[in-house]
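A short write-up of the structure that comes next.
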Ligand code: KIV
Ligand code: NA
């Protein structure tokens, strides 16, 4: 079958075929992205920012992630026969995997069992390798995430490129190697200089998926709302807007308000009327 699995992604890297990943948080979006050929749908904890309006991903809970994963997984399982199903990966949110590998396993278990995802993603380098190994041993595929890790925004002192010095770049490479050795099936590189991302990509057997990490990664990921121009306010420099949804929705809403106020909506096409005979009786 053409359905995307963790093995498909390894084969794609070997074949030099780039992987396209986007975040998705709900049923209609997931369905459209899947039908458009996106390989991986990430139920990212970025939903804290772009869906919930939070200042960071830290307030996002495991219950939130399960809830959104259910909507995305439902979209993928209900795709028409013959449509390739993307891999559904869900973020483990802050403090659901750091305390112990056992707690991480319980959290990841809920994401797969209740949510319906096929894999989880977690942030961190060599320090989370034992946790990655524990999940992989239990049959849960893990995507790693290094470079800028949003759940550590306060420790990192803001949104900034990581790995800009040789020492930091070597550390990033060592982290990537440790995560691969622990059994991760892919690694996200966020806000990393292109040269560093290229070096990591060349030295790993598993695919790298970049965001703000240049063109040499095995795949790319963007946040849905940023990608389609649906985010209010600041959008990161590395983002490319492939559409201008905010303008489309705002224009539609303005037209609607104007038509309602002018008495133009609903028109004849949106209005049900009585049959003439009933209408005649109604007049009496
Ligand atoms: O939550 C998210 O959207 C992510 C991607 C930016 C990789 O982690
Ligand atoms: Na995330």
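Key figures
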| item | result |
| --- | --- |
| Condition broken by residue 2, with the remaining ones in (1) more than 16 Å from ligand 2 (Cβ to nearest atom); (2) within 17 Å of the chain's Cα centre (by Cα); (3) part of a loop (DSSP other than H, G, I, E, B) satisfied | (2) |
| Qualifying position, being in the same structural domain as residue 145 (by TED's automatic domain parsing), without any contact (Cβ under 8 Å) to a residue 12 or more places away in the chain and within 23 Å of residue 136 (Cα to Cα), among 103, 81 | 103 |
| Search result, residues across the stretch 51-76 that are part of a helix (DSSP H, G or I) and within 14 Å of ligand 1 (Cβ to nearest atom) | 64, 65, 68, 69, 72 |
| Looking only at the stretch 77-95, and only at residues there that are in contact with a helix residue (DSSP H, G or I) (Cβ under 7 Å, 6 or more places away or on another chain) and part of a loop (DSSP other than H, G, I, E, B), the one that is farthest from residue 12 (Cα to Cα) | 94 |
| Given (1) more than 13 Å from ligand 2 (Cβ to nearest atom); (2) farther than 28 Å from residue 200 by Cα; (3) part of a helix (DSSP H, G or I), index of the condition residue 48 fails | (1) |
| Residues of the stretch 136-147 classified as closer than 22 Å to residue 172 by Cα and either without any contact (Cβ under 8 Å) to a residue 24 or more places away in the chain or not in a helix (DSSP H, G or I) (or both), total | 7 |
| Qualifying residue in the stretch 26-33 (condition: within 13 Å of residue 115 (Cβ to Cβ) and in contact with a strand residue (DSSP E or B) (Cβ under 9 Å, 6 or more places away or on another chain)) | yes |
| Among residues of the stretch 99-135, those that are more than 16 Å from ligand 1 (Cβ to nearest atom) and not in a helix (DSSP H, G or I), counted | 4 |
| Single unsatisfied condition, residue 201 versus (1) in contact (Cβ under 8 Å) with a residue 40 or more places away in the chain; (2) touching a strand residue (DSSP E or B) at 6+ places or on another chain (Cβ under 6 Å); (3) assigned to a helix (DSSP H, G or I) | (1) |
| Within the stretch 216-284, helices (runs of 4 or more DSSP H) holding 1 or more residues that are in contact with a helix residue (DSSP H, G or I) (Cβ under 9 Å, 6 or more places away or on another chain), modelled with pLDDT of 95 or more and exposed (fewer than 11 other Cβ atoms within 10 Å of the Cβ) | none |
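The values are calculated or read from the model by the stated rules, or taken from the named source; none is laboratory data. Since the structure is predicted, the reported quantities are computational estimates derived from the model, not experimental observations. Reconstructed Cβ throughout: ideal geometry from the backbone, glycine too, with neighbour counts over all protein chains shown.
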